[in-house]
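Each remark here refers to the structure printed beneath this line.
Here, each number is a calculation from the coordinates, and none is a lab measurement. If you're wondering where the values come from, they're calculated on a predicted model, not measured in any experiment. Cβ placement follows ideal geometry from the backbone for every residue including glycine, while neighbour counts extend to all protein chains displayed.
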């Protein structure tokens, strides 16, 4: 195996397996750490690391206008998006959470059609969107234990992904730093600080929670592996491979997350939720491979460049 092949394998492992496994890491972290505080710690530290690294490499610092836009996107794509995800994973299996996150293309398409009028509704899009929404309904009503309906955490994640999708579209409409690392780092850093502030407002802190060793390790994994290593691998892959190949992580991650949650997290997923997950994944693949306008393609590419996350 030559050097380039090894780098490609390692990079795809990072965006497929590492990003897919971050959902279980989130569940482990929020088992003992307040969710907003845990998310805030993750993105504040990761954002400072990415932003600082870009500045050390000579990237131009954001202008006042760019800082304003970065603050708006930090609120949409990190405060609003990850507060719901981290909170929901206190009760929702990490694999199911990852599948719900995979509905981002559904909400992006709906927003572009209904709100921003940037795309026309074609029958292929309508079928893909209907499959995705049908899958979400099946997941939400799935009975995994004693017939409980996991509706509220599902709605929290869907609201979070609508916020992320809105940020995805807004990203293509505002002026941002040319360096994608600077932009992503600043958004993470700002969103992380907002999450910590919100944690204080809702009285998660003070006092500071007792964080177990396991939770610390999970948060460290999210920062180093999920936000720094995998993001760097993703950025590099965009320069080496076709975008459609690189962004395939969007429908590989949920599969990895379901497997990791089942084998390592002991999560039990009901048959209805598995069927719903399948519908969501088929919908995601169909939407990402559908013929779209140039603006939509650019929107999707830029959304990947500011991480998900992901996670």
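If the elastic network links every pair of Cα atoms under 10 Å, which of 285, 136, 174 fluctuates the most in the Gaussian network model of the chain?
Taking springs between Cα atoms under 10 Å, the residue moving most is 174.
How large is the direction-averaged shadow of the alpha-carbon convex hull of the range 32-90, in nm²?
Projected area, direction-averaged: 4.4 nm².
Among 239, 44, which comes first, second and so on when ranked by fewest other beta-carbon atoms within 10 Å?
239, 44
In the range 3-304, if every C-alpha pair distance is counted and binned at 20 Å from zero, what percent goes to each bin?
34, 61, 5
Grab the DSSP H runs of the chain that are 4 residues or longer, score each as -39,500 (n - 2.57), total them, divide by all residues and round the 222 nm result to the nearest 500 deg cm²/dmol.
The per-residue figure over the chain is -21000 deg cm²/dmol.
Please list, short to long, the whole-number percent of alpha-carbon pairs of the range 84-129 in consecutive 5 angstrom bins beginning at zero.
That works out to 5, 20, 21, 16, 13, 13, 10, 2, in percent per bin.
Give me 117, 175 sorted ascending by neighbouring Cβ count inside 10 Å, so fewest comes first.
117, 175
I need the peptides 272-281, 91-100 ranked by packing, meaning the mean over residues of other C-beta atoms within 10 angstrom, with the highest value on top.
Top of the packing list down: 91-100, 272-281.
Along the principal axes of its C-alpha atoms, what lengths does the range 4-134 span, in descending order and rounded to whole Å?
49, 40, 39
Cut-off 10 angstrom, C-alpha nodes, Gaussian network model of the chain. Which of 262, 23, 249 fluctuates the most?
It is 262.
Hey, fewest Cβ within 10 Å first, where do 42, 57 land in order?
57, 42
Where is the GNM fluctuation largest for the chain (alpha-carbon springs, 10 angstrom cutoff): 85, 287, 65?
So, out of 85, 287, 65, the one fluctuating most is 65.
Modelled label-to-label distance, residue 175 and residue 2, 7 Å Cα→beta-carbon offset: nm?
Placing both labels 7 Å along Cα→Cβ, they lie 4.4 nm apart.
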